[in-house]
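Single-structure report; data block below.
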Amino acid sequence: MHAVQDKWLPIWDELAPFRSGRPDDTRPTKYVLDMFPYPSGDLHMGHAEAYALGDVIARYWVHKGFNVLHPIGWDAFGLPAENAAIKRGEDPKSWTYENIAMQKSSMRRYACSFDWDRVLNTCDPEYYKWNQWLFLQMYERGLAYRKNSAVNWCPSCQTVLANEQVVGGLCERCDSQVTKKKLNQWYFKITDYADRLLEDMSELEGNWPEKVLLMQRNWIGRSTGAEVSFDIEGRDEPVVVYTTRPDTLYGATFFVVAVDSDLAASLAAGSESEAEFNTYLNQVKSTSEMDRLATDRPKTGVFLNRYAINPVNGERLPIWASDYVLADYGTGAVMAVPAHDQRDLDFARTFNLPVRVVVESETDPAETGEATADDGAHVNSGPLDGLGKAEAIAKMIDILQGEGRGKSATNYRLRDWLISRQRYWGTPIPIIHCPDCGEVPVPESQLPVVLPDAAGLDLSPKGESPLGAADEWANVPCPKCGIQARRDSDTMDTFVDSSWYYLRYLNPQLDTAPFEKAEANRWLPIDQYVGGVTHAILHLLYSRFFTKVMFDMGLVDFKEPFTRLLNQGMVVMDGSAMSKSRGNLVRLSDELDAHGVDAVRLTMVFAGPPEDDIDWSDVSPGGAKKFLARAWRLSGDVNSAVDIDFATGDLALRKVTHKAMADSELALESNRFNVVVARAMELVNATRKAIDSGCGSADAAVREATHTVAILLSLVAPYTAEEMWARMGYEPSVALAPWPIADPALLVEDETECVVQINGKIRKRLQVPPTISEADLRELAMSQENVIAEIAGREPKVVIVRPPKIVNIVLG
RNA sequence: GCCCCCGUAGCCCAAUCGGUUAGAGGCACACGACUUAAAAUCGUGCCAGUGUGGGUUCAAGUCCCACCGGGGGUACCA
């Protein structure tokens with residue numbers, strides 16, 4: 001195997017079949033993108049699957065005559081490098097670049113069809129300069145801003161955690177219970193794009209997995225309803241609440257504000273409940289995320305000794321503070337309608353508050369403890385009485401609007417994207433804090449703000465970014481007024497890096513702009529994106545957001561970055577995800593050593609549909625290896641002249657060959673790559689048979705069939721395919737061979753079998769021409785002897801004729 | 001809790017629109033040929049009526065309903 005590698009890698013380097021974008025290249029373009037890897041150690045089985053699949057697509061399109069852009073790079077900033085550095089006293093930079101070199105050499109061995117002239121690393125200043133530039137563009141547009149907010153905090157790691165790093169209320173790294181902490185942090189205003197992120201999904205419908213679109217829809221979580229303004233006794237300012245059920249306003253019996261909101265604090269201030277409120281607030285603050293997540297936790301709260309006035313009937317509603325209302329959704333306050341909202345009902349039952357039904361239903365929520373949220377006729381609701389839900393909502397909004405007490409409103413589950421990280425190994429945020437001028441953007445001419453050397457910095461977690469301790473780096477004059485100021489010491493979330501990297505591949509060395517617009521319009525949007533479903537929400541949502549921002553900035557002319565998305569499954573072992581601690585880790589390098597690159601790639605592709613998980617204990621790389629050897633042997637048997645006319649070949653084998661071409665193409669276009677492999681196996685079997693006991697090895701059809709096998713196999717087993725190609729006397733590389741086009745004349749059968757059923761039971765099989773007309777087939781079927789006998793003169797109720805496959809005669 | 005997806009031979013998987021008696025391919029297994037023998041190779045065979053129960057239809061693995069089993073997403077979003 002090493003010999004084969006040593007032979008072909010230099011040839012591929014020389015021929016560069018996958019180099020894209022020469023200026024004189026007139027082929028139409030395709031952009032195939034694999035999600036770029038994080039350089040933590042060598043490639044693993046998951047990479048091997050993903051890259052095998054991306055390669056099938058890229059190589060297929062090259063065969064089809066496209067100019068294919070298939071780049072690779074490294075998502076090289078991030079916490080694992082920093083942790084490894086702390087553990088070993090090493091520089092994150094050297095750790096990262098060593099891993100990149102290792103992965104790159106594994107990818108070359110794995111024969112990935114990447115364009116090696118376009119490699120990028122996100123930790124290179126040439127790359128992250130443009131993160132900073134994009135940040136400043138967004139800052140100018142008001143899309144990057146700083147706010148104080150309660151964020152996830154790991155008390156052990158002493159750092160902020162992203163939502164995705166909180167797993168079941170625990171820190172994903174150290175399993176400590178995560179708490180909330182109020183911090184001043186940078187955000188991207190992704191919520192401004194919530195509607196467009198939802199609406200543009202219609203473009204992706206059918207080309208992205210339905211599951212991913214659904215997950216994004218749920219994550220954005222648009223809901224419609226109304227804002228209603230409530231006066232508060234003894235307070236000048238009214239309080240606005242958001243509700244999806246304004247129609248149930250007559251059923252409101254109390255009012256709840258989020259205990260950790262500023263509103264709650266201001267309502268409690270000076271009331272006789274203030275002390276009790278503070279005790280409760282402290283208790284809630286010390287509750288871990290873990291406990292907060294428990295769904296059946298009993299309701300808790302404190303009465304604030306204040307009242308809100310229901311705008312439709314003037315009733316006094318007691319105001320409570322509770323932690324079941326979220327401070328950062330809607331307005332942090334709700335009207336409570338216990339009869340028709342389960343949470344409100346649970347609260348009402350805990351604190352003995354009244355329940356008033358305003359939508360008719362068969363059961364009584366006060367008795368059953370089950371709130372009724374369904375549609376029904378309204379009662380006890382003044383002007384809404386008798387109306388159904390939809391009409392009642394519309395009418396209530398009309399009434400409120402007329403009185404200036406409310407209006408229709410929309411809310412989202414989606415929150416703004418917190419991008420600050422108190423970490424070293426990331427992109428420095430290009431802002432300088434000046435005692436006089438405040439936040440001052442770093443002037444474009446001073447970009448990039450390069451990370452200070454890790455040497456001499458204490459990278460261990462201590463609650464603030466290690467960058468702050470690099471005094472020489474941090475202390476700079478204010479760009480505006482020149483007095484002593486300090487750089488922002490936080491770095492950006494690494495998801496910023498990956499939100500636009502696919503554009504940087506177009507020209508990774510460009511130092512005047514993040515990318516060229518003309519190139520972007522030439523290559524993008526990406527024709528096929530391949531990656532794991534783990535990024536269904538975060539990365540894919542952030543990238544869509546960035547693309548829309550760049551569209552608004554005039555940097556690109558498209559609104560969606562990824563036209564088609566394929567989520568490959570995971571490679572598991574014995575039914576569960578591989579992990580060292582579980583003891584079921586399969587090392588890619590071991591598999592490659594044992595079976596060879598081609599056999600591992602073939603196994604990955606053949607195991608099943610690309611979206612399905614592969615259980616490595618279910619598949620057989622040994623079997624794949626045997627098949628490849630069997631295919632390879634065909635090429636040694638071919639002994640016809642290189643330029644023999646295929647048309648002179650054995651008709652039966654030619655038909656099988658051309659059927660395989662047509663079927664494979666169909667399967668490739670719909671990502672059924674496992675079926676392509678099956679077709680290749682079928683063709684190999686048929687060719688073997690033809691050689692051993694059919695037309696013989698000298699027949700032109702054998703050469704044509706083997707030629708086709710080599711091209712089909714070149715998608716998954718490039719070394720074997722090249723060996724076959726060379727052995728048959730072709731050159732220079734099968735990767736450059738044009739895709740074989742099936743001859744329609746060889747695809748039609750002369751005769752096909754048609755069944756004649758009577759009452760669904762098969763009574764006769766006929767050989768008919770595939771082009772037979774409905775009338776002819778009906779007549780032929782009805783004139784069959786045993787059919788006539790079976791009908792026995794009765795009048796068929798109906799005769800279904802579906803030429804050329806089936807006739808069904810239904811008797812009464 | 002809510003939302004979504006999936007159940008086809010011992011195992012992994014095929015099966016355009018609903019259309020022949022569910023089978024392309026592979027794994028495993030068994031047998032035969034070759035061999036002194038084994039490996040390799042070549043060949044042959046093997047096995048389910050599509051999770052369960054209903055429904056629609058001339059016709060259901062495919063469409064609809066309910067249930068069972070497995071997997072995923074989300075987490076008090078008013």
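Observations
- Scanning region A:521-558 for residues that are more than 19 Å from the chain's Cα centre (by Cα) and under 19 Å from A:D34 (Cβ atoms) yields one hit, A:W523.
- Qualifying positions in region A:649-706 - without any contact (Cβ under 8 Å) to a residue 24 or more places away in the chain and either of a type outside the set (D, E) or touching a Pro at 6+ places or on another chain (Cβ under 8 Å) (or both): A:L666, A:A667, A:S670, A:V675, A:N685, A:K689, A:S693, A:G696
- The C-beta contact set for region A:321-343 (first residue over 16 Å from A:S229 (Cβ atoms), second residue near RNA strand B (Cβ under 8 Å from one of its atoms) and acidic (D, E), distance under 8 angstrom, 6+ apart or interchain) comprises A:A336/A:D344; A:V337/A:D344; A:P338/A:D344.
- Test: residue in region A:364-377 that is more than 43 Å from the chain's Cα centre (by Cα) and part of a loop (DSSP other than H, G, I, E, B): yes
- Of the residues making up region A:428-456, those that are free of Cβ contacts under 8 Å to residues at least 24 places away in the same chain, over 37 Å from the mean Cα position of the chain (by Cα) and closer than 24 Å to A:M138 by Cα number 1.
- Flag if A:P10 is in contact with a Lys or Arg (Cβ under 6 Å, 6 or more places away or on another chain) and either surrounded by fewer than 14 Cβ atoms within 10 Å (Cβ to Cβ) or assigned to a loop (DSSP other than H, G, I, E, B) (or both): no
- Selection within region A:604-624 - out of contact with any Asp or Glu (no Cβ under 7 Å at 6 or more places or on another chain), hydrophobic (A, V, I, L, M, F, W, C) and either more than 8 Å from RNA strand B (Cβ to nearest atom) or in a helix (DSSP H, G or I) (or both): A:V605, A:F606, A:W616, A:A624
- Taking region A:541-585 as the range and being touching a helix residue (DSSP H, G or I) at 6+ places or on another chain (Cβ under 8 Å), within 16 Å of RNA strand B (Cβ to nearest atom) and of a type outside the set (F, W, Y) as the test, the residues that pass are A:L541, A:L565, A:L566, A:N567, A:Q568, A:G569, A:M570, A:V571, A:M578.
- When residues of region A:13-41 are limited to those that are among the hydroxyl-bearing types (S, T, Y) and assigned to a loop (DSSP other than H, G, I, E, B), the one surrounded by the fewest Cβ atoms within 10 Å (Cβ to Cβ): A:T26
- Beta carbons closer than 9 Å, at least 6 apart along the sequence or on distinct chains, pair a first residue in region A:178-191 that is under 27 Å from A:Q216 (Cα atoms) with a second that is among the aromatic types (F, W, Y) and in a loop (DSSP other than H, G, I, E, B) for A:T191/A:Y412.
- A:T243 vs. criteria touching a residue at least 60 places away in the same chain (Cβ under 8 Å) and surrounded by 14 or more Cβ atoms within 10 Å (Cβ to Cβ): yes
- Lone unmet requirement of (1) surrounded by 15 or more Cβ atoms within 10 Å (Cβ to Cβ); (2) away from RNA strand B (no atom under 16 Å from the Cβ); (3) charged (D, E, K, R) for A:K180: (2)
- Helices (runs of 4 or more DSSP H) (entirely within region A:266-363) containing at least 2 residues that are at pLDDT below 90 and within 16 Å of RNA strand B (Cβ to nearest atom): A:274-285, A:289-293
- Qualifying residue in region A:688-699 (condition: among the basic types (K, R), over 30 Å from A:P209 (Cα atoms) and assigned to a helix (DSSP H, G or I)): yes
- Candidates are the residues of region A:625-678 that are within 11 Å of RNA strand B (Cβ to nearest atom) and among the β-branched types (V, I, T); the one that is farthest from the chain's Cα centre (by Cα) is A:V656.
- Long-range neighbours under 7 Å by Cβ, at least six apart or interchain, first residue more than 16 Å from RNA strand B (Cβ to nearest atom) within region A:512-540, second among the small types (G, A, S): A:V530/A:A50; A:V530/A:G54
- Of everything in region A:500-528 that is crowded, with 20+ Cβ neighbours inside 10 Å and out of contact with any strand residue (DSSP E or B) (no Cβ under 9 Å at 6 or more places or on another chain), the residue that is farthest from A:F114 (Cα to Cα) is A:P514.
- Residues being among the acidic types (D, E), within 14 Å of RNA strand B (Cβ to nearest atom) and loosely packed, with under 15 Cβ neighbours inside 10 Å are entirely absent from region A:726-745.
- Only residues that are more than 24 Å from A:P621 (Cα to Cα) and either of a type in the set (V, I, T) or more than 8 Å from RNA strand B (Cβ to nearest atom) (or both) were counted in region A:679-700, giving 9.
- Of all residues in region A:42-91 being surrounded by fewer than 19 Cβ atoms within 10 Å (Cβ to Cβ) and acidic (D, E), the one that is farthest from the chain's Cα centre (by Cα): A:E90
- Scan of region A:247-265 for residues that are aliphatic (A, V, I, L, M), closer than 30 Å to A:G382 by Cα and part of a helix (DSSP H, G or I), ordered by number: A:L249
- Selected residue (criterion: nearest to A:A371 (Cα to Cα)) from residues of region A:297-348 that are of a type in the set (D, E, K, R) and buried (at least 16 other Cβ atoms within 10 Å of the Cβ): A:D341
- When region A:768-812 is filtered for residues that are outside any helix (DSSP H, G or I), over 50 Å from the mean Cα position of the chain (by Cα), within 13 Å of RNA strand B (Cβ to nearest atom) and at pLDDT 80 or above, the ones remaining, listed by number, are A:P796, A:K797, A:V798, A:I809, A:V810, A:L811.
- A:S579 meets the conditions (1) modelled with pLDDT under 90; (2) assigned to a helix (DSSP H, G or I) in every case but one. The failed one is (2).
- Cβ pairs under 7 Å, 6+ apart, first in region A:457-469 and in a loop (DSSP other than H, G, I, E, B), second among the basic types (K, R): A:S465/A:R423
- Within region A:204-233, being more than 12 Å from RNA strand B (Cβ to nearest atom), surrounded by fewer than 19 Cβ atoms within 10 Å (Cβ to Cβ) and farther than 27 Å from A:S381 by Cα holds for A:E205, A:G206, A:N207.
- Any hit, region A:193-203, residues being at pLDDT below 95, more than 15 Å from RNA strand B (Cβ to nearest atom), surrounded by fewer than 17 Cβ atoms within 10 Å (Cβ to Cβ) and at positive phi: no
The values are calculated or read from the model by the stated rules, or taken from the named source; none is laboratory data. In this text the structure is predicted, and so the values were computed from the model without any measurement. Positions of Cβ are backbone-derived with ideal geometry, glycine not excepted, and every protein chain shown enters the neighbour counts.
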